[in-house]
Amino acid sequence: RYNKKLNHLLEAVLEVDSGYIDNILKQYKVYSRFQPIKIKRGVSFDTIAWLEENQEYLPGVDYIVEMHRDYPAGINGSHIFGYIKEVSQRQLNKKNNYYNLGDYIGSKGIEKTYETELRGKKGWNYVLVDSRRKRIGKYRNGLQDLPAVKGSDIVLSIDEDVQRVAEEELKGRTGALVAIEPATGEILALVSAPEYDLSKFSYITPKDFLQKLYNDPRKPLFNRATMSVKPPGSTYKILAAIAALDLGVINTSTTFYCNGGLTIGGRFFKCHGIHGNINVINAIEKSCNSFFYNLIFKIGIDRWADYSRRFGFGLKTGIDIGEENAGLIPDSKYYEKIYGPKWPTSIMASLVIGQGETSVTPLQLAQFTALIANNGVTYLPHLVKGFIDNTGNVVPYNFKKVDVKIDKKVFDEVKEGMFLVVNGEGTATHIRSKEYLIAGKTGTAQNPHGKDHAWFIAFAPYDNPQIAVAVLVENVGFGGTYAAPIAKKIIETYLNGLKENSKVLDNSIVRLDN
């Protein structure tokens, strides 16, 4: 039986403050002679050796070996994996009787979402004690003991090479990247920059390290891939094009005249060029603002908002790591609350080119790109393919199918415009690949607090899409300059890996001449 008179000695040996042990003991309302109370984790080997040498003088004091997380070399994945920490009193009050004070529990990311599968089941041992409550052996030779059940192993969809390259490309920047397999919704890479050192959370986390993370103005604990909302810039012109073509208010022969901008409500809204008569395909290629200024008035704000929601904007995707922001898709009711029934319709000119109040996450744009690539059909974006149960069998998860129910012809037409962005005379011709046909769209989100945010969305190969990517780099400038080259690197890394494994059909790999 432990004697509290040993507190001062143990506190000195464990190098903790006076009163440390007593404060821990006070957290336990009921003591069990057979359920150990954890005093300190991460004890040194020298301390363990001392405990063993002096065991006879330390009744009730023992040490146990605990498992801890070991993370793969080469990738960080801090915003994917999340971390574990000791269960809090608040969580103990909310949860069932499974947890005890001192237990670990998933706190972020995959660790939190799949806590039940990962934790397994606790076991029980019955022991015999003498009149002094000293253990003298097993009860009934252990026949009533219940062995612990190992937790399941999670099978992730992450491609290690793509994740590693994505982390390298965003190192030293602030931003995010999400890559998705269009046909399945499986996430191939998810990066939020800056990241944090996940290994610090594998066992015992120093308080000074945590404080540094909390105080960091770049917010490394914040998952920008799923939580950061920004105007999507010109990437969102694709949404208006899809809506207009599907509604039939235009076709590919419809043209609007661009003389450098359009006057709306007495205000001149600029275009970055003078494109003359231009149709929807070339308007995507050249990112012509004037075309889309005209287009939004044919669509109408509420139909535009409806199509936005059909593609998942303004809604949470349901990704399996919990923390997620829905963003904002304004409609007429939104502006009526602000301005009244006669709100200025010139606002729509900003919305259609991805500025103004519209806000989206990198994950939402990646899902949008996957839907375009796969002609309007995919599955909810997810990081876990399935889990291996305790018998060694892989149990797949079934994720909800997403179908926007829009004719393939519409997607073919907007994809042609995205193809020309990279392979024609568009805004991202500098990332044209010598190996694969990439289709994409640049975007630059205005930032009133500093430099603009750079966006780029893309999929490839054009004729048989295997990957869809959304890249955000904050506070740098143009999307074509800063985000597009990163997307190209990600696409080539993934497709090269597939080619090596003979997973991509030969006719979908196209080499371009210089």
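The values are calculated or read from the model by the stated rules, or taken from the named source; none is laboratory data. Computed from a prediction, not measured in an experiment: that's the story for all the values here. Neighbour counts run over all protein chains shown; Cβ positions are idealised from the backbone, glycine included.
Counting only residues that are part of a loop (DSSP other than H, G, I, E, B) and among the small types (Gly, Ala, Ser), segment 354-378 holds 3 of them.
Applying the condition of being in contact (Cβ under 8 Å) with a residue 40 or more places away in the chain and charged (D, E, K, R) to segment 82-126 and asking which residue is nearest to LEU190 (Cα to Cα) yields LYS108. The residue pairs whose first member lies in segment 300-312 and is outside any helix (DSSP H, G or I), whose second member is modelled with pLDDT under 95, and whose beta carbons are closer than 6 Å, counting only pairs six or more residues apart or on different chains, do not exist in this structure. Pairs only if they're at least six apart or on different chains, beta carbon under 7 angstrom, first in segment 143-165 and within 26 Å of ASN501 (Cβ to Cβ), second of a type in the set (D, E, K, R) and at pLDDT 90 or above; list them, first residue then second. Once the first residue is within 26 Å of ASN501 (Cβ to Cβ) and sits in segment 143-165, its partners that are of a type in the set (D, E, K, R) and at pLDDT 90 or above give VAL155/LYS385; LEU156/LYS385; SER157/GLU186; SER157/LYS385; VAL165/LYS489. Only one entry in ILE319, ILE274, ILE347 is over 24 Å from LYS401 (Cβ atoms) and in contact with a strand residue (DSSP E or B) (Cβ under 7 Å, 6 or more places away or on another chain), namely ILE274.
Within segment 256-279, the set of residues being buried (at least 17 other Cβ atoms within 10 Å of the Cβ) and over 19 Å from MET348 (Cβ atoms) comprises HIS275, ILE278, ASN279. Checking SER290 against (1) modelled with pLDDT under 95; (2) of a type outside the set (Phe, Trp, Tyr); (3) touching a His at 6+ places or on another chain (Cβ under 8 Å), which test does it fail? Only one criterion in (1) modelled with pLDDT under 95; (2) of a type outside the set (Phe, Trp, Tyr); (3) touching a His at 6+ places or on another chain (Cβ under 8 Å) is unmet by SER290, namely (1). Each residue in segment 437-460 was checked for being crowded, with 24+ Cβ neighbours inside 10 Å, in a strand (DSSP E or B) and touching a Phe, Trp or Tyr at 6+ places or on another chain (Cβ under 8 Å), and 9 of them qualify.
Look at segment 177-203: where a residue is under 12 Å from LEU363 (Cα atoms) and buried (at least 24 other Cβ atoms within 10 Å of the Cβ) and a partner is of a type in the set (Lys, Arg) and modelled with pLDDT of 95 or more, sitting 6+ places away or on another chain with Cβ atoms under 8 Å, you get SER192/ARG224. Restricting to segment 435-447, and then to whatever is in contact with a helix residue (DSSP H, G or I) (Cβ under 9 Å, 6 or more places away or on another chain) and not small (Gly, Ala, Ser), can you tell me which residue is farthest from HIS272 (Cα to Cα)? So the residue we want is GLU435.
Only one entry of ILE353, ILE338, ILE319 meets the criterion of being surrounded by fewer than 16 Cβ atoms within 10 Å (Cβ to Cβ) and among the aliphatic types (A, V, I, L, M), and that entry is ILE338. Filtered by the rule that a residue be more than 30 Å from ASN464 (Cα to Cα) and buried (at least 24 other Cβ atoms within 10 Å of the Cβ), segment 356-371 gives a lone residue, THR358.
Looking only at residues in segment 343-353 that are touching a residue at least 24 places away in the same chain (Cβ under 8 Å) and part of a loop (DSSP other than H, G, I, E, B), the one that is farthest from ILE299 (Cα to Cα) is PRO344. The conditions of being exposed (fewer than 13 other Cβ atoms within 10 Å of the Cβ), part of a helix (DSSP H, G or I), touching a residue at least 12 places away in the same chain (Cβ under 8 Å) and not small (Gly, Ala, Ser) are met by ARG140. Considering segment 144-247, the qualifying helices (runs of 4 or more DSSP H), each wholly inside and each with 1 or more residues that are within 14 Å of the chain's Cα centre (by Cα) and in the same structural domain as PRO362 (by TED's automatic domain parsing), run over 160-170, 224-227.
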